[in-house]
Amino acid sequence: MAHVASTSSVPRVRGGSHVTGITPVALVLGLVYGVWAAQIARDARPITTGNVLLGVVAGIVFAALFMGLWKAAPRLPRELRAAAWAAFAGISFGYIYSLTDATILRSVFMALAVTGGVFAAAFYRYYTRE
């Protein structure tokens with residue numbers, strides 16, 4: 001019988017890892033973050049090698065941390081998962097905001113506001129979906 005049904009009770013998973021599926025998204029987000037950082041640091045002056053280097057490094061670090069958190073977050077309990085995403089968003093926003101020559105105190109308060117908002121939204125999402 002050529003078309004006998006499978007006797008295995010384990011479902012077959014198609015496709016690759018969920019990390020490889022997120023790689024293009026992380027690369028695009030890293031590219032946007034890097035260009036954004038370089039643009040803010042440029043401040044209407046000519047493009048320099050330092051600007052380009054800042055954008056490349058910021059984009060690579062952002063994409064790497066995003067992919068690492070995307071892979072590690074599902075294993076965390078919902079409170080720590082929400083806190084991890086909130087910390088990532090707050091630190092990312094705080095760094096970008098600090099490039100605008102704002103005071104360190106203002107950068108910290110703005111980052112804390114973003115962190116609080118992301119934590120509340122992420123915790124609500126994880127709490128209602130589990």
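For segment 79-104, a tally of residues being farther than 19 Å from residue 33 by Cβ and buried (at least 17 other Cβ atoms within 10 Å of the Cβ) returns 3.
Before we move on, is residue 42 touching a Lys or Arg at 6+ places or on another chain (Cβ under 9 Å) and of a type in the set (D, E, K, R)?
Taking the combined requirement at face value, the residue does not satisfy it.
Scanning segment 26-47 for residues that are free of Cβ contacts under 8 Å to residues at least 24 places away in the same chain, surrounded by 17 or more Cβ atoms within 10 Å (Cβ to Cβ) and closer than 21 Å to residue 64 by Cβ gives a single hit, 38.
The numbers here are math on the coordinates, done by the rules we state, and not lab data. The structure presented is a predicted model; accordingly, all values stated were derived computationally and were not measured. Here Cβ is always computed from backbone atoms with ideal geometry, including for glycine, and neighbour counts include all displayed protein chains.
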